1. So what are segment 39-132's ellipsoid semi-axes, whole angstrom, largest first, if each one is the square root of 5 times an eigenvalue of the alpha-carbon gyration tensor?
2. State the Cα centre-to-centre distance between segment 73-122 and segment 14-71 in whole Å.
3. So what's the back-of-envelope 222 nm ellipticity for the chain, counting only DSSP H runs of four-plus at -39500 (n - 2.57) apiece and dividing by all residues, rounded to 500?
4. Is there a quick way to get the dipole size of segment 39-132? I mean about its Cα centre, with the Cβ of Lys and Arg at +1 and of Asp and Glu at -1; what is the value in debye to the nearest 20?
5. To the nearest 10 degrees, how steeply does helix 36-54 sit against the main Cα axis of the chain, on a 0 to 90 scale?
6. What order, most packed first, do the peptides 26-36, 122-132 have when packing is the mean number of other Cβ atoms within 10 Å of each residue?
7. Of Gln10, Val118, Ile57, which is farthest towards the positive pole of the chain's charge dipole, taken about the Cα centre with +1 and -1 on the beta-carbons of Lys, Arg and Asp, Glu respectively?
8. Using the per-residue mean of other Cβ atoms lying within 10 Å as a proxy for protection, in what order, highest first, do the peptides 95-107, 62-74 fall?
Amino acid sequence: MNMDSKDKHQVGKNHHLYQAMAHATAGIVAMVREERNMRFHVLAAVVALLLGWWFRISSNDWLWLLLVIFLVFAAEFLNTVTEAVTDVMVNHQYNVDVKKAKDVAAGGVLLAACFAVVVGLIIFGPHLVDLVR
Ligand SMILES: Nc1ncnc2c1ncn2[C@@H]1O[C@H](COP(=O)(O)OP(=O)(O)OP(=O)(O)O)[C@@H](O)[C@H]1O
């Protein structure tokens with residue numbers, strides 16, 4: 001992951017809240033810019049949010065929807081961290097432990113995405129059935 005910022009040579013701790021926020025924001029921007037899967041998750045989240053608005057879902061449903069959206073995002077962020085750290089550790093050479101770490105991280109994203117699909121079906125399924133009736 002290439003996270004250019006004006007502090008790109010910084011290796012120590014952040015000194016101000018502003019600096020910490022700037023680096024955290026750079027991380028989010030880099031995820032969306034550089035990770036194709038993340039862009040897909042964002043698109044899916046936007047579609048789900050628009051459907052929620054269109055079908056006027058309940059507060060309880062909004063909570064579930066927001067929970068699964070952020071769960072998938074968090075899993076994808078951890079997946080990218082795992083890839084970046086392990087790639088540096090083995091300098092892109094084949095390594096069985098790196099394979100396990102990457103496969104497990106990817107499995108976490110898959111599980112979160114499956115959970116999101118199930119929640120989406122429970123929330124939107126009845127609305128979509130009503131729509132086609
Ligand atoms: N250094 C490595 N050593 C062993 N196996 C590796 C290594 N790098 C990648 N792999 C294998 O290749 C798979 C895909 O690798 P990686 O996650 O880096 O690529 P990717 O397809 O770009 O992932 P994503 O789409 O999540 O960004 C891993 O799940 C793992 O099985």
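Computed from the coordinates by the stated procedures, all read-outs in this text should not be read as laboratory data. Everything numeric in this text was worked out from a predicted model, so none of it was measured. Because the Cβ atoms are built from the backbone with ideal geometry, glycine has one as well, and the counts that use them run over all protein chains shown.
1. 35, 11, 10
2. 17
3. Theoretical 222 nm ellipticity from helices: -28500 deg cm²/dmol.
4. It comes to approximately 40 debye.
5. Taking Cα atoms only, the helix is inclined about 30 degrees.
6. Highest to lowest by the protection proxy: 26-36, 122-132.
7. Result: Ile57.
8. Listed from highest to lowest mean packing, they are 62-74, 95-107.
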